[in-house]
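Written below as structure tokens is the structure these notes are about.
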Amino acid sequence: MPVIDAQVHVYERNHPGRPWVDTLAGPPEVTGEAMVAAMDAVGVDGALLVSVHAMYRYDASYAVAVHAAHPGRFALIKPVDPADAAVAETIADWAATPGAVAVRVMMRSEVSTDPADPGLNRVLAAAGRHGLPVNLLAHGRLDQVAQLAARHPATQLVIDHLGLPQPFHPPAPPQPWADLPKLLEVAARPNVAVKITGAATLSHAPFPYADIWEPLGRIFDAYGLDRCIWGTDWTRAVALLSYAESVEAFRITDRLSAEERARLMGGTLQRIYRWAPTLA
């Protein structure tokens, strides 16, 4: 079973040809070649390449260019804007883009908290028509996610980063798992999966992060490993741990059997996103 990272980011240095809107924690640039080298160094076969909203907002052109250079290693996820009246057309165009496997909504303050919001429902309906999962950055909004899932039972939703706020810099929050009960409640919706991305950034312990496994076990029990998808959220996590540590913590733990590890670190992702890497 290939090892597949459910969320990585790449970006160029800020330049006039593709200027940054904002900044993101991490190095001055992380090119596609640099990301492939980091994956190769630790035996990660492929990754979902999420276009960086902080820097590029809804312009996924750099991620598309990286996929074109490494089509066997990456699949593509693009943020979309629920406030855009033409978002359904944007999603249709994205679905036809080589390598595209999903869209993403950043559920921040400018996005409505109303489950009946026309823009959010337009996104979920259009993605469902095109067979694209909708990734949701939704900490603090998990009740809304459950209601959206009920409105669109045929659309696959994927909660990013455990549905929990995660740090960009150490230390981890004092109570990093405070909203875990809300995440567990959403498991009642069968069309919702959860990315186990950035979990080690919530640890108060050194590598291999022994204190993450009890709460993760509760997530695995609630969702089942067929709805849990491992990943690193690289490079957001760069100030807290190395890429190798974020991978190896899940490889060396005795909390997972070989079969469970294979499902969590690639098998479930292949089924939900209908994609697998191809190595030369």
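Structure notes:
- One residue stands out among those in the stretch 130-160 that are in contact (Cβ under 8 Å) with a residue 60 or more places away in the chain and surrounded by 14 or more Cβ atoms within 10 Å (Cβ to Cβ): the one that is farthest from T90 (Cα to Cα), which is D160.
- Residues in the stretch 240-256 that are in a helix (DSSP H, G or I) and of a type in the set (S, T, Y) were compared, and the one that is farthest from L202 (Cα to Cα) is Y243.
- Some residue of the stretch 161-174 being assigned to a helix (DSSP H, G or I), surrounded by 15 or more Cβ atoms within 10 Å (Cβ to Cβ), out of contact with any Ser or Thr (no Cβ under 8 Å at 6 or more places or on another chain) and not polar (S, T, N, Q): yes
- Checking E33 against (1) within 29 Å of V111 (Cβ to Cβ); (2) among the charged types (D, E, K, R); (3) not in a loop (DSSP other than H, G, I, E, B), the condition it does not meet: (1)
- If you filter the stretch 199-222 down to residues that are part of a loop (DSSP other than H, G, I, E, B), free of Cβ contacts under 8 Å to residues at least 40 places away in the same chain and not aliphatic (A, V, I, L, M), you find that the one that is surrounded by the fewest Cβ atoms within 10 Å (Cβ to Cβ) is P206.
- Verdict on A237 being under 18 Å from the mean Cα position of the chain (by Cα), modelled with pLDDT under 95, outside any helix (DSSP H, G or I) and within 27 Å of A37 (Cβ to Cβ): yes
- Flag if L183 is within 21 Å of R236 (Cα to Cα), without any contact (Cβ under 8 Å) to a residue 60 or more places away in the chain and of a type outside the set (S, T, Y): no
- Residue match in the stretch 264-280 (condition: free of Cβ contacts under 8 Å to residues at least 60 places away in the same chain and under 14 Å from the mean Cα position of the chain (by Cα)): no
The values are calculated or read from the model by the stated rules, or taken from the named source; none is laboratory data. Not measured: the values here are computed from a predicted model. Virtual Cβ from ideal backbone geometry, glycine too; neighbours counted across all protein chains shown.
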